[in-house]
1. Examine the range 193-200 for a residue that is more than 22 Å from the chain's Cα centre (by Cα), surrounded by 13 or more Cβ atoms within 10 Å (Cβ to Cβ) and not acidic (D, E), and state whether such a residue exists.
2. Restricting to the range 201-219, what's the tally of residues that are among the β-branched types (V, I, T) and crowded, with 21+ Cβ neighbours inside 10 Å?
3. If I ask for residues that are in contact (Cβ under 8 Å) with a residue 40 or more places away in the chain, closer than 21 Å to Q118 by Cα and not polar (S, T, N, Q), which ones from the range 44-82 would you list?
4. Among T36, T29, which is the only one that is over 23 Å from W137 (Cβ atoms), hydroxyl-bearing (S, T, Y) and not assigned by TED's automatic domain parsing to the domain that holds N238?
5. Pick from the range 173-192 the residues that are part of a helix (DSSP H, G or I) and not aliphatic (A, V, I, L, M): which of them is nearest to the chain's Cα centre (by Cα)?
Amino acid sequence: MITLIALRLGIGWHFFKEGAKKFQGDSFTSVYFLQTAKGPLAEFYKSMIPDRQGYERLDQEKTEEFWRGYVGNVSSHYNFDESQLKKADAELKRSRRLLDSFYAMNEPEIAEYLLECQRLQDAKADKMSDVAFQRDWIASKEAELNGTLRPWMNATQLMGQQLQENLRKIATEEQRQAGVYPIPDRTEMFVDTLVKFVVIGVGILLVLGLFTRFAAVMGMGFLLSVMSTQPPWSAGANTDYFYYQLVEVLALLILVGFAAGRFAGLDYLIYGMRMRCCPPKTIES
């Protein structure tokens, strides 16, 4: 019994701490994790990434339209007056000039990148894509293109963050009481929010011993989904985490089997109330 309680608390605390870290700041993202997925489900995981090849963010007109909509939302958020609206428009024009310079400097490389992306898509659609050397080439080319794209995306993101800060400076102290209106992350994924709440939720429930079986099954599902992105039999898979996660999956299976929340957990109270309310029927002889 003491061993089960310790196991439940240990796994619950691990999940809670990992979930809490994901809520700190705005840095948590599954993008890079999903990009490196291997195995038969790799394409499924990668398809979860919005604007995966950066086509939308590399489109200058769409980026300018995105910024224009953001400036409008910030102006409404802070309730800018006419003078402030003119300053906000000036900041937008300044950001557009920076964007013009960025595209002018990188236009040939971006054009080459887009051609290589099309070449990659053609290779994936080819019947030879399952052949080992072609599969290796596709994986290598994807990693290369991701490395090419990242600094461009970092640069445009930095310009957006600077626009956010400059607009905040236009607001008065009183207007700033409304709080910062952050520029949206164009790669924000629903799965990121889901992961954060699932991980911390599993941790809280296991520590409390509440709905322990449900929490353990959810924890197992999450860990199995992570493990399936890097199966050890797939070429190039990163197995650093696979085996310790497998151990934790087996430990969670034990918690499911023994309904561990009934020992020094809130499930004990729920089980007791259920037994008083709806006792098991006895078969009369």
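The values are calculated or read from the model by the stated rules, or taken from the named source; none is laboratory data. On a predicted model such as this, the values are computed, not experimentally measured, just so you know. Virtual Cβ from ideal backbone geometry, glycine too; neighbours counted across all protein chains shown.
1. No, the range 193-200 contains no residue that is more than 22 Å from the chain's Cα centre (by Cα), surrounded by 13 or more Cβ atoms within 10 Å (Cβ to Cβ) and not acidic (D, E).
2. 2
3. Scanning the range 44-82 gives Y45, M48, I49, P50, D51, G54, Y55, E56, R57, L58.
4. T29
5. Within the range 173-192, the first condition is being part of a helix (DSSP H, G or I), and the residues that meet it are 175-178, 190-192.
In the following step, the residues that additionally are not aliphatic (A, V, I, L, M) were identified as 175-177, 190, 192.
On the way: Q175: 32, R176: 29, Q177: 30, F190: 7, D192: 3 Å.
Checked the range 173-192; the qualifying residue nearest to the chain's Cα centre (by Cα) is D192.
Listed here are the residues, each with its yes/no results for (1) over 21 Å from the mean Cα position of the chain (by Cα); (2) loosely packed, with under 12 Cβ neighbours inside 10 Å; (3) at pLDDT 90 or above.
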| position | (1), (2), (3) |
| --- | --- |
| C117 | yes, no, yes |
| S129 | yes, no, no |
| F133 | yes, yes, no |
| K141 | yes, no, no |
| N166 | yes, no, yes |
